[in-house]
Amino acid sequence: MGELILVRHGETEWSRARRHTGRTDLPLTAQGEKQARSLRGALDGRRIVRTLVSPAERARRTAELAGLGADEVDADLWEWDYGGYEGMSTAVIREERPGWFLWDDGIVPGDAEHPGETVEQVGERADSVLARARPLLADGDVALVAHGHVLRVLTARWLGLEPAQGRLFALGTGTVSALGTEHERPVISAWNVPAP
């Protein structure tokens with residue numbers, strides 16, 4: 001049985017500034033493109049039979065530069081919709097909401113383009129991705145190229161945890177992680193591995 005290979009996109013201007021980047025479609029920075037190209041080394045030797053990619057340009061470009069392409073653009077791999085917190089950093093949000101923590105406190109509704117979603121809604125999308133990806137693992141590895149928070153929620157769901165437990169899995173830009181099994185039980189095989 002193959003593994004789920006999680007690829008977080010390379011750096012963008014907003015990820016570098018630690019701003020919440022949900023549905024705003026930003027390109028990779030030069031550093032982000034370098035990270036994405038470097039991921040090829042981390043993926044060498046993998047038998048990837050399918051690649052599912054977020055619709056965001058930053059994810060699609062990362063997949064391309066990492067040599068993965070995109071077998072399928074999957075809307076369920078979009079990043080968490082941060083609603084009214086789109087583009088804001090945690091520090092700025094905490095000026096109005098001291099002690100705010102995304103995983104516990106959620107978001108405030110935004111405009112029509114960023115209505116926002118709960119962690120449970122992100123979990124439902126992650127469950128849909130897993131339902132489509134699991135059968136493909138019989139033939140080899142499946143790569144998922146997406147974003148930090150949605151991949152963290154997906155990891156929690158893979159492990160049978162509640163979506164909010166994704167808070168336990170920090171994930172940097174331009175990294176590779178792997179989810180597999182041990183004795184038919186879900187495990188993390190590798191986590192947050194930077195490009196070589």
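Within the stretch 25-36, restricting attention to residues that are out of contact with any Lys or Arg (no Cβ under 9 Å at 6 or more places or on another chain) and surrounded by fewer than 17 Cβ atoms within 10 Å (Cβ to Cβ), the residue that is nearest to E72 (Cα to Cα) is K34.
Restricting attention to the stretch 42-63, and to residues there that are out of contact with any Pro (no Cβ under 8 Å at 6 or more places or on another chain) and of a type in the set (G, A, S), which single residue is nearest to V122 (Cα to Cα)? Filtering first and then ranking leaves S54. Taking the listed residues E95, E72, the one that is loosely packed, with under 14 Cβ neighbours inside 10 Å, within 17 Å of the chain's Cα centre (by Cα) and either at pLDDT 95 or above or more than 19 Å from A178 (Cβ to Cβ) (or both) is E72, with no other qualifying. Screening L6, L52 for residues that are within 18 Å of G174 (Cβ to Cβ) and in contact with a Leu (Cβ under 8 Å, 6 or more places away or on another chain) leaves exactly one candidate, L6.
Restricting attention to the stretch 86-105, the residues that are outside any loop (DSSP other than H, G, I, E, B) and touching a helix residue (DSSP H, G or I) at 6+ places or on another chain (Cβ under 8 Å) total 5. Counting the residues of the stretch 70-80 that are assigned to a loop (DSSP other than H, G, I, E, B) and over 18 Å from T173 (Cα atoms) gives 3. For the stretch 132-139, does any single residue satisfy the condition of being over 21 Å from A63 (Cα atoms) and among the aliphatic types (A, V, I, L, M)? Taking every residue of the stretch 132-139 in turn, at least one turns out to be over 21 Å from A63 (Cα atoms) and among the aliphatic types (A, V, I, L, M).
Any residue that is assigned to a helix (DSSP H, G or I), among the aliphatic types (A, V, I, L, M) and either at pLDDT 95 or above or under 21 Å from E120 (Cα atoms) (or both) - is there at least one of those in the stretch 30-37? The answer is yes, given that some residue of the stretch 30-37 is assigned to a helix (DSSP H, G or I), among the aliphatic types (A, V, I, L, M) and either at pLDDT 95 or above or under 21 Å from E120 (Cα atoms) (or both). When each of A156, A178, A138 is tested for being touching a Phe, Trp or Tyr at 6+ places or on another chain (Cβ under 9 Å) and farther than 16 Å from E79 by Cβ, the lone residue that passes is A178. Quick check: anything in the stretch 108-121 touching a helix residue (DSSP H, G or I) at 6+ places or on another chain (Cβ under 7 Å), in contact (Cβ under 8 Å) with a residue 12 or more places away in the chain and part of a helix (DSSP H, G or I)? Within the stretch 108-121, one or more residues are touching a helix residue (DSSP H, G or I) at 6+ places or on another chain (Cβ under 7 Å), in contact (Cβ under 8 Å) with a residue 12 or more places away in the chain and part of a helix (DSSP H, G or I). For the structure I just gave you, tell me whether V49 is part of a strand (DSSP E or B), surrounded by fewer than 16 Cβ atoms within 10 Å (Cβ to Cβ) and touching a residue at least 12 places away in the same chain (Cβ under 8 Å). Yes: the conditions hold for V49. Taking residues in the stretch 154-180 that are at positive phi, and partners anywhere that are not in a helix (DSSP H, G or I), the pairs with Cβ atoms closer than 6 Å and at least 6 places apart or on different chains are G174/G10; G174/A195. Within the stretch 140-196, the residues that satisfy the criterion of being of a type in the set (S, T, N, Q) and either over 19 Å from Y82 (Cα atoms) or part of a helix (DSSP H, G or I) (or both) are T155, Q165, T175, S177, T181, S189, N192.
The values are calculated or read from the model by the stated rules, or taken from the named source; none is laboratory data. What you are looking at is a predicted structure, and each value in this text was computed from that prediction instead of being measured. With ideal geometry, Cβ positions are generated from the backbone for all residues, glycine too; neighbour counts draw on all protein chains shown.
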